[in-house]
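The values are calculated or read from the model by the stated rules, or taken from the named source; none is laboratory data. Note that the coordinates shown come from a computational prediction; the quantities given were computed from them, not determined experimentally. Glycine gets a Cβ as well: all are built from the backbone with ideal geometry, and neighbour counts include every protein chain shown. Quick note on the areas: whole protein, heavy atoms, side chains included, nothing else; ligands and nucleic acids left out. Shrake-Rupley method; radii C 1.70, N 1.55, O 1.52, S 1.80 Å.
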Amino acid sequence: QVQLVESGGGLVQPGGSLRLSCAASGITFSMYAMDWYRQAPGKQRELVATISSGGNTNYADSMKGRFTISRDNAKNTVFLQMNSLKPEDTAVYYCKGTRDSWVFWGQGTQVTVSS
């Protein structure tokens, strides 16, 4: 059974930081490209960052310089370090794993940026 379980969300003040984790099981994690997406209320789900199986990374323009995606294949976990958070970063954050035609999503973790 494949599971992607996000954690690390919560309430943070503007300018603060959070580190999200997504722990995978039931897949050969090292062979999967891993992405972080987010969805704010009333908006479409959008891509935040991606990391290939080889460790190459890409970011949405609005996240460049603030967010960092990384992976630990030994722990089957992908991370999203988020710094300088803004109220507009408030959303549910999801991880996604992709390999060929196989696509798996986590259940999401809420991030709220508010004073």
Checklist entry - Taking all protein chains as present, what is the carbon and sulfur share of the accessible area of the chain, in % to the nearest whole number, probe 1.4 Å? => result 46
Checklist entry - If packing is taken as the mean number of other Cβ atoms within 10 Å per residue, what is the order of 12-20, 93-101, 41-49, highest first? => result 93-101, 12-20, 41-49
Checklist entry - Taking +1 at the Cβ of each Lys and Arg and -1 at the Cβ of each Asp and Glu, which of SER53, THR28, PHE67 sits farthest along the dipole of segment 28-68 towards its positive end, judged by Cα position relative to the Cα centre? => result PHE67
Checklist entry - If you take the beta carbon distance between GLN44 and SER84 as r and set R0 to 22 Å, what does 1/(1 + (r/R0)^6) give as a FRET efficiency, to the nearest 0.05? => result 0.40
Checklist outcome for this item: Row for segment 71-115, column shape: gyration tensor on C-alpha, a ≥ b ≥ c, rounded if a/c < 1.5 i.e. under 1.5, prolate if a/b over b/c, else oblate; value prolate
Item to check | Partners for LYS86 among lysines (Cα-Cα distance below 19 Å; same-chain residues under 8 apart left out) | outcome: LYS43, LYS64
Item to check | Linear extension gain, SER53 paired with ASP100, 0.36 nm per residue minus alpha-carbon span | outcome: 15.7 nm
Checklist outcome for this item: Label model pair THR112, ASN73: point-to-point distance (7 angstrom along the Cα→beta-carbon line) in nm is 3.9
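How long are the three semi-axes of the equivalent ellipsoid for segment 1-101, computed from the Cα gyration tensor as the root of 5 times each eigenvalue, in whole Å, largest first?
The three semi-axes for segment 1-101 are 23, 14, 13 Å.
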Next on the checklist: Please give the charge dipole size of segment 31-90, origin at the Cα centre, charges +1 on K and R Cβ atoms and -1 on D and E Cβ atoms. Round to the nearest 20 debye.
Outcome noted: 60
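Using unit Cβ charges (K, R positive; D, E negative) and no other charged atoms, how large, in debye to the nearest 20, is the dipole of the chain about its Cα centre?
80
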